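Notes for the one structure printed next.
The values are calculated or read from the model by the stated rules, or taken from the named source; none is laboratory data. All values derive from a computational prediction rather than experimental measurement. Cβ sites come from the backbone with ideal geometry, for glycine too, and all protein chains shown count toward neighbours. What goes into the accessible areas is simple: the full protein's heavy atoms, side chains included, and nothing from ligands, DNA or RNA. Shrake-Rupley method; radii C 1.70, N 1.55, O 1.52, S 1.80 Å.
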Amino acid sequence: MGFGKGFGKTILFGEHFVVYGLLGIPCALGSATTAKVERTSKPGYELVDERPATPGYKETKQGEYTALISRILEFMQVKAGLRITLGGDLVCASGVGASAACAAALARAINDEYKTGWNNEQINKAAFEGETAGSGTPSGIDNTAAVYGGLLLFRKNLQGGENSIEVMKIKKPVEIVLGNTGKTSLTKEVVEDVRKLKAEKPDEINAVFEEYSRLAEDAKKAFQNFDLQKVGALMTRNHGLLQKINVSCKELDELVETSLKAGAFGAKLTGTGRGGLMIALTPGKELQEKVAKAIEAKGFETTKTMIG
Ligand code: PMV
């Protein structure tokens, strides 16, 4: 039996913009997906999916997961039959990098079972291969966070070479709240819509991309200075830019507004958007609790966790 684990992630800055080579700042979450693989005599694979998930998530994503698993098996040249059991404490929803966590866990479990001896870089390549099933042209930000963990500075190499990945240390972990819209969106579709919008209105949308580019550099500096007020303000501005590229939705906007009213330092959608999750920066247990309560009072589910 082989075993592997992949972290969930949250994107603090840069979803969608990273697809075009701009700086992204993702962070692994404390919760993870686990994978167990056992060899069987039947060809192909059998999937036992015991992961906790937002209602509807597994149904909407079924096709993506079938492709994800097949691609990883092919990439890692697994020929024999396998029973794959997925589990762990990561609650699967759009925006937590659930598919990347699954891809990383599965690649690690296969590596463990077949004693392949792959390092993080190779595991990350296998996980990326799996991710191409969901996003079509994934930036690699999700699988990188799922494999490496921690707070990262990520930049996709548009020439196809190695992506730039830097681990960023911050003074101490910071509380966040994730608010769940309960809606699942398809990454591939939303990424494609952004591509179309960029082609239809190049001047307007490229200006948004340029603004994001400056904002991301400021965010990196704000993290380095541990200036959380500034980080929060930049997150909220980042949400505004995501609205302009049409990847927010009314539930996400409501979650952002509710968090800010309750005192969050900043808030934005995280991940694909048009559903999925919102992240609010809420330093200190007291503020975290207050923001989570305000969100729950509006009927949404929350997760209280930390970054860094
Ligand atoms: O929804 P998630 O958590 O899988 O995040 C997708 C992030 C995108 O930037 C929208 C796509 C990508 O490949 O980076």
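Listed values, structure above:
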item	result
Those residues of the stretch 193-212 which are in contact (Cβ under 8 Å) with a residue 24 or more places away in the chain, aliphatic (A, V, I, L, M) and over 12 Å from Leu22 (Cβ atoms), in sequence order	Val194, Leu197, Ile205
Leading residue by the ranking (farthest from Gly56 (Cα to Cα)) among those in the stretch 222-261 that are outside any helix (DSSP H, G or I) and either in contact with a Ser or Thr (Cβ under 6 Å, 6 or more places away or on another chain) or open to solvent by 10 Å² or more (accessible area, probe 1.4 Å) (or both)	Asn225
Unique match (being away from the ligand (no atom under 15 Å from the Cβ), in the same structural domain as Phe17 (by TED's automatic domain parsing) and closer than 30 Å to Lys304 by Cα) among Pro138, Pro55, Pro43	Pro55
Options Gly308, Gly266: the member that is in contact (Cβ under 8 Å) with a residue 12 or more places away in the chain and crowded, with 23+ Cβ neighbours inside 10 Å	Gly266
Count of residues meeting criterion [open to solvent by 70 Å² or more (accessible area, probe 1.4 Å) and farther than 30 Å from Lys58 by Cβ] in the stretch 174-216	7
Filtered residue count, the stretch 244-277, keeping only those that are farther than 20 Å from Gly182 by Cβ and within 16 Å of the ligand (Cβ to nearest atom)	3
Among (1) among the acidic types (Asp, Glu); (2) open to solvent by 40 Å² or more (accessible area, probe 1.4 Å); (3) modelled with pLDDT of 95 or more, the one test that Glu59 misses	(3)
Residue check for Ala28: open to solvent by 10 Å² or more (accessible area, probe 1.4 Å) and of a type in the set (A, V, I, L, M)	yes
Any chance Leu47 is farther than 27 Å from Lys230 by Cα, at pLDDT 95 or above and of a type in the set (A, V, I, L, M)	yes
Filter result for the condition that a residue is open to solvent by 10 Å² or more (accessible area, probe 1.4 Å), more than 9 Å from the ligand (Cβ to nearest atom), closer than 16 Å to Val19 by Cβ and touching a helix residue (DSSP H, G or I) at 6+ places or on another chain (Cβ under 8 Å), over Asn163, Asn124	Asn163
Yes/no for Ala104 being under 22 Å from Val191 (Cβ atoms) and modelled with pLDDT of 95 or more	yes
Residue in the stretch 224-240 that is farthest from the ligand (Cβ to nearest atom), counting only those that are touching a residue at least 40 places away in the same chain (Cβ under 8 Å) and farther than 23 Å from Glu257 by Cα	Phe226
Some residue of the stretch 154-165 being more than 13 Å from the chain's Cα centre (by Cα) and under 25 Å from Pro283 (Cβ atoms)	no
Matching residues, the stretch 65-101, being buried (at least 17 other Cβ atoms within 10 Å of the Cβ) and of a type in the set (D, E, K, R)	Arg71
